[in-house]
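No lab work stands behind these numbers, since they all come straight from the coordinates. None of the values given here were measured: they were computed from a predicted structure. Cβ placement follows ideal geometry from the backbone for every residue including glycine, while neighbour counts extend to all protein chains displayed.
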Amino acid sequence: MLSKVKFLAVAVSLVMPVLAMAADAFSTLTETSAGALTFIKSLPAVFFGIAVVYFLYGVGSYVSGIDDKKKAEAKTTMIWGLIIIFVMASMWG
């Protein structure tokens with residue numbers, strides 16, 4: 001029981017400065033909305049990266065596919081990956 005109390009005391013003492021800094025980080029509504037806008041602006045790049053990884057997963061599956069069924073599934077994955085990349089690139093500009 002005493003070791004749990006010591007652990008809790010150490011954990012709280014280590015976390016308190018972080019909480020104090022977090023309270024100052026977004027002190028106004030303007031700063032909070034600017035942080036949210038920055039996060040939202042970065043989402044298309046993240047989704048584009050996920051689409052590229054999905055396409056490359058299809059390429060890897062195709063290359064390592066042994067039977068025709070696996071290769072057909074990999075072709076479908078690659079085609080959908082290319083479609084997603086094309087649509088996102090055309091919308092993103």
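For the residue pair S33 and M91, what label-to-label distance in nm results when each label sits 7 Å from Cα along the Cα-to-beta-carbon direction?
Taking the simple label geometry, S33 and M91 are separated by 2.5 nm.
Roughly what would the spin-label model give for L14 and V63, points 7 Å off Cα along C-beta, in nm?
So the label points at L14 and V63 sit 4.2 nm apart.
Highest first, please rank the peptides 77-90, 37-50 by the mean number of other Cβ atoms sitting within 10 Å of their residues.
In decreasing order of mean packing, 77-90, 37-50 become 77-90, 37-50.
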